[in-house]
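J.: Below is a structure I'd like to ask you about.
Laboratory data are not the source of any read-out in this text; all were calculated from the coordinates shown. Small disclaimer: the values here were computed from a predicted structure and weren't measured. Using ideal geometry, Cβ is built from the backbone for each residue, glycine included, and neighbour counts are taken over all protein chains shown.
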Amino acid sequence: MNPELELRVKVLDVWNDVVLRLPPSTPISRLKQLALDAVHITDDPARFLVKFRGAELRDESRSLADERVPADGALIVMRGHRTPVR
């Protein structure tokens, strides 16, 4: 049995950190959905992307283990297209 990973996920829309404890087999898409749910964002998750170590994790069907996300790993969930500031 794999131990759970404790991860810190910053959701940029609200600038909040979310702590999630997930098994390494968790798909990136599930991590993204859980982080958005935790900060009460109800927009379509497809409008958001996940970054780890500065790189976008494009294939969200891959697991945390596939992407080599370690315990205490820090990820970012952000909108795919930034809104310009006026």
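J.: Testing the spin-label approximation: label points 7 Å from Cα along Cα→Cβ at Lys51 and Arg8. State their distance in nm.
T.: Label at Lys51, label at Arg8, 1.6 nm between them.
J.: Semi-axes, largest first, in whole Å: what does sqrt of 5 times each Cα gyration tensor eigenvalue give for the chain?
T.: 22, 13, 11
J.: Just want the ordering: Thr26, Thr42, from fewest to most Cβ atoms lying within 10 Å of their own Cβ.
T.: Ascending number of Cβ neighbours within 10 Å: Thr42, Thr26.
J.: A further question follows. What does the charge count near Ile41 come to, summing +1 for each Lys or Arg and -1 for each Asp or Glu among other residues with Cβ under 11 Å from its Cβ?
T.: Taking every Cβ under 11 Å from that of Ile41, the sum is -1.
J.: Would you work out the relative contact order for the chain, in percent, from Cα pairs under 8 angstrom that are 6 or more residues apart?
T.: 37 percent
J.: So who's got an amide H within less than 5 Å of the one on Phe48, skipping anything under 5 residues away but keeping other chains? H placed 1.01 Å off N, in plane.
T.: Gly80
J.: Could you check which residue among Asp44, Asp59, Asp17 shows the biggest mean-square fluctuation in a GNM of the chain with a 10 Å Cα cutoff?
T.: Asp44
J.: Now for a separate question. If neighbour count is taken as other Cβ atoms inside 10 Å, put Glu67, Glu6 in order from fewest to most.
T.: With the fewest neighbours first, Glu67, Glu6 line up as Glu6, Glu67.
J.: Given H placed 1.01 Å from N in the peptide plane, which residues other than close sequence neighbours of Val18 have an amide H under 5 Å from its amide H?
T.: Val9, Lys10, Val11
J.: Report the paramagnetic label zone for Gln33: residues of region 53-70 whose backbone N is under 16 Å from a point 7 Å from Cα along the Cα-to-Cβ axis.
T.: Under cut-off, by backbone N: 60-64.
J.: Once both axes come from the Cα atoms, what is the angle between helix 28-38 and the longest principal axis of the chain, in degrees from 0 to 90, rounded to 10?
T.: The two axes meet at around 60 degrees.
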